[in-house]
Amino acid sequence: MTAPWWKDAVIYQIYPRSFMDSNGDGIGDLPGILARLDYLQWLGVNALWLCPIFTSPNDDNGYDISDYQGIMAEFGTMEDFDRLLDEVHRRGMRLILDLVLNHTSDEHPWFKASRSSRDDPKRDWYIWRDGRGGPGSSPRRGLNGGPDGGPPNNWESIFKGPAWQYDAATGQYFLHLFSPRQPDLNWENPAVRKAMAATARWWLDKGVDGFRIDAITHLKKTPGLPDAPNPDGLPFAWAYPHHRNVPGVLDFVEELAADAFRDYDAATIGEANGVAADQAEAWVSGQRLSMILQFEHSHLWSSQPHAGLDLPALRRILGRWQHALHGRGWNALFIENHDLPRVLSRWGDPQRHRRASATALATMYFLMEGTPFIYQGQELGMANTRFDTLDDFVDVYARNRIRRMREAGQDDDAILRELAVTSRDNARTPMPWDASANAGFSSGTPWLRPNPDYREINVAGERADPASVLNYYRRLIALRAAEPALRHGRYGALLERNPQIYAYTRRQGGSGFLVLCNLSGQPAPYQHRGLRLRHEALVLANREVAPHPPGIACLLAPYEARVYRVDFGAE
């Protein structure tokens, strides 16, 4: 059988607001993406994933949608979208949209109707509850409302603060797991489920090639909405037990797939916070979703953002996902996205080993079993930006965090130090196209200040340099495309306790590849008794490798990566 197109694809994630501005207003737009399609085709990617482009008041940069069938005015028009879709397809690429199903904007007509009256037909499209004291109770805010009033339960928003907003007009609270301007839809209501399936079909009928589905694990809430332990300090697997991967959520996914996806050749990619490796098969088995974006390895960083890379833990997590889905599903492979600071600043060394660490991290994840995702600028080796004051942060999560930390008595310098490392704004700086003003992103004032290193780290400069991170990514993409074993071969971990080297094999029949990545800033000796390293079989390396006789050992330089073709029959 022919593999689905998305198994052979490399997917490039675009944050439209920061990719390319075509009209000088400082905001990236659809014509800007269109103008850069030749670059993406040259890079070799097969599919583009656009973060939300729908009509939105922009409380959370488009993840608060007020019209699912409209285009945000800052990004262009539906005619611009249609031209972009046609040109993507003309180049043999696919286009995937970011679909937000868990919540809408508070400016969506559905929510406006819902909050207008307790008797409105759309009241039950969202989750409304009386406060703890019942009808007419005091609208006191806080995580732990007592019997004299307060929110219906103690749930905390993922963006921090109470997960409930009091609405004086009708005397009830509505649930918002994210911003107060992102009210949660009530997926227990069949009318909501039908409306969202119809929305997906509308875009598929226009010709889009699939969806990345935002916050899909949050669609189901525990019946009765009971109190929960405060998520601060809890291990990843225990946080948010009553609205993340709650039993019954797969029934919603199954119905959505049946009503919206199964009649189309579409990729469906779930953002699956809270799903463990041993649960993953249920999400991607049968005809539910194509793949899921798991959070476990990113939580490894977020729980200790100043600790650097714990390589044995990373190897255990990624290996667990590789084995859990081999032959039973499919992995989505990523190390960056719009919600994470730059991986080079998290797990690499942008000061001393920028190129080597960027390319070693790329090699480590890109050649595993699954579909690789590249986030814009990752292919250049972009690092975190510089923040001079707290006013530099624009992300809604960062602004909420600043307020909460100030309320807790922390001074601004301490807050700045934390957010400089953890803020999502790090990943959202404008794409650096060249060394001209504003990184070639806009002729106007960019909505977010470009990373100050854009004069050295930009597309034009790296495209002209054969040894750049960008050209290494291009070779990596081409290698995966040319070798079936690197797309469909079985993953096998090596050196499972080594604190420096991530080594694994991809095996198809009696042959395949050995991937060696030193993810440390120190030299690292490698030795494997069975696989002989032949210089003539070296197919990719991020450093010059001197000719060497066949052997079972080598010394890897700091952040050195090598990929050898190997014969497993010789073991």
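If you average 1/r over all unlike Cα pairs in the chain and invert the result, what Kirkwood radius do you get in angstrom?
24.8
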Exercise. Using the scaling law 2.2 N^0.38 Å as the reference, what is the normalised Cα Rg of segment 332-413?
Worked result: 1.35
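Lys and Arg at +1, Asp and Glu at -1: add these up for the other residues within a Cβ distance under 11 Å of residue 49 and post the number.
Values: positive: 94, 212; negative: 98, 209.
The answer is 0.
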Exercise. Computed over the Cα atoms of segment 178-294, what is the convex hull's projected area averaged over all directions, in nm²?
Worked result: 7.9
For this session: For segment 275-421, state what percent of all Cα-Cα pairs lands in each successive 5 Å bin, counting from 0 Å until the bin that includes the largest distance.
Result: 2, 8, 16, 18, 17, 14, 11, 8, 4, 1, 0
Problem set entry | Whole-Å distance, taken between Cα centres, linking segment 395-423 and segment 73-114 | 32
Seminar exercise, completed: Once both label points are put 7 Å beyond Cα along the C-beta direction, the residue 35-residue 493 separation in nm becomes 4.6
Exercise. How many percent of DSSP beta bridges within the chain run antiparallel, rounded to 5?
Worked result: 60
Exercise. Using the per-residue mean of other Cβ atoms lying within 10 Å as a proxy for protection, in what order, highest first, do the peptides 67-73, 118-124 fall?
Worked result: 67-73, 118-124
Exercise. Name the residues of segment 42-58 whose amide N is less than 19 Å from a point 7 angstrom out from the Cα of residue 79 along the C-beta direction?
Worked result: 55
For this session: Can you tell me the alpha carbon radius of gyration of segment 489-570 divided by the globular rule-of-thumb value 2.2 N^0.38 Å?
Result: 1.01
Problem set entry | Mean ellipticity per residue at 222 nm, deg cm²/dmol - from DSSP H runs of n ≥ 4 across the chain, formula -39500 (n - 2.57) | -7500 deg cm²/dmol
Seminar exercise, completed: Any lysines whose Cα falls less than 28 Å from that of residue 206, other than same-chain ones fewer than 8 residues away, would be 7, 112, 122, 194
Exercise. Sorted by packing (mean other beta-carbon atoms within 10 Å per residue), highest first, where do 356-368, 529-541 land?
Worked result: 356-368, 529-541
Seminar exercise, completed: Subtracting the Cα-Cα distance of residue 465 and residue 90 from 0.36 nm times their residue separation yields 132.1 nm
Exercise. So what's the net charge close to residue 338: Lys and Arg +1, Asp and Glu -1, counting the other residues with Cβ under 14 Å from its Cβ?
Worked result: -3
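A short reminder: the numbers here are calculations on the coordinates, not readings from a lab. These numbers were taken from a predicted model, which means no experiment stands behind them. A quick note on method: Cβ atoms are made from the backbone with ideal geometry, for glycine too, and the neighbour counts reach across all protein chains shown.
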